[in-house]
Amino acid sequence: MKAISLAAIPRTLIKTTGSKKVRQGGGLPGVVYGNGEPQSVELEAKQFGKAVKSTEAKNFLVELEIEGKKSRALVQDIQKNPLTNMFIHVDFKRLTEDSVVTAQVPLQPLGTAEGVKLGGVMLTPMHTITLKGRPADIPESLEPDVSHLEVGQSIYLEELALPKGVTAIGSPKALVIAVATSRMQMMAEAEEAAAAEAAAAEATAEGEAPAEEGAKEEGGADAAEGGDKKEG
């Protein structure tokens, strides 16, 4: 995972009213914690917004410069205003060379599955994958090749190719990608099954009718024969 350069300054306005003033001035309040005392900081909101747009990862690596000193940190949490969608706070986790972190990266399948070419639908229950490892080893995204998947085939969490030293968090049997029958195909198959069932029922009914008529004829013959015997 590549580190994105960000500049910050120590933040003295740390209360709610102070954070509001920081945002009103075009800044973004944040805090850096881990491997030492927590430090309140202030960043340029526009600069941070560009950093977010430059990567698909939810938790991305940054090189944070504060008063001339640079250090590696991981964007741990981003808070947004639910109404305006503007950034209101960011949490950074300070790192060392030996730090092991947990980060969410996007899943971006490569290729078109063979099953999809034949009318199937590709399902991706997991849009992000949680990985654990050293920040430098964690990829910005996972791009599994799905071109070989036929209808009914799947890729599970344990089958994802990961860099050395990186592990996926979750059940190994968790479904990541699957190629399923499309709804149109399912409807067509259901209609075909219903038609076949109706045809079978009709054929059965037609096969039973002559037998009933034969039984009636035999009954009539028996009755007539009995009548003849009665007359004799």
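Projected label points at GLU63 and MET86, each 7 Å from Cα along the beta carbon direction, are separated by 3.1 nanometres.
Here the spin labels are modelled as points 7 Å beyond Cα on the Cα-Cβ line, and at THR112 and THR124 they lie 1.6 nm apart. On a straight-distance basis, which lysines could pair with LYS164 in a cross-link, Cα separation under 17 angstrom, same-chain partners fewer than 8 positions away excluded? List returned: LYS2, LYS132. At an R0 of 41 angstrom, the distance between the Cβ atoms of LYS46 and GLU191 translates into a FRET efficiency of 0.15. For region 96-174, the list of trypsin sites (Lys or Arg not before Pro) that fall in a loop by DSSP and count at most 16 other C-beta atoms within 10 angstrom reads LYS164, LYS173. In the structure shown, the pairs LYS53/LYS117; LYS53/LYS93; LYS70/LYS173; LYS21/LYS58; LYS46/LYS173; LYS20/LYS50 are assessed against 30 Å; a Cα-Cα span above that value is assigned to LYS53/LYS117; LYS70/LYS173; LYS46/LYS173. The calculated FRET efficiency for VAL100 paired with GLN24, based on their beta-carbon distance and R0 = 45 Å, is about 0.75. A crude spin-label estimate for the pair SER5 and GLN79, with each label 7 Å from Cα along the Cβ direction, gives 3.0 nm. Between ASP137 and THR17, residue separation times 0.36 nm minus the direct Cα-Cα distance comes to 39.2 nm.
Give me the log10 of I(q) over I(0) for region 92-180 at q = 0.11, 0.12, 0.16 Å⁻¹, as the Debye formula computes it from C-alpha points; what are the numbers? Scattering profile of region 92-180, log10 relative to I(0): -0.34, -0.40, -0.64.
Every number in this text was worked out from the coordinates using simple rules, so none of it is lab data. All figures in this text were calculated on a predicted structure; none of them were measured in a lab. Positions of Cβ are backbone-derived with ideal geometry, glycine not excepted, and every protein chain shown enters the neighbour counts.
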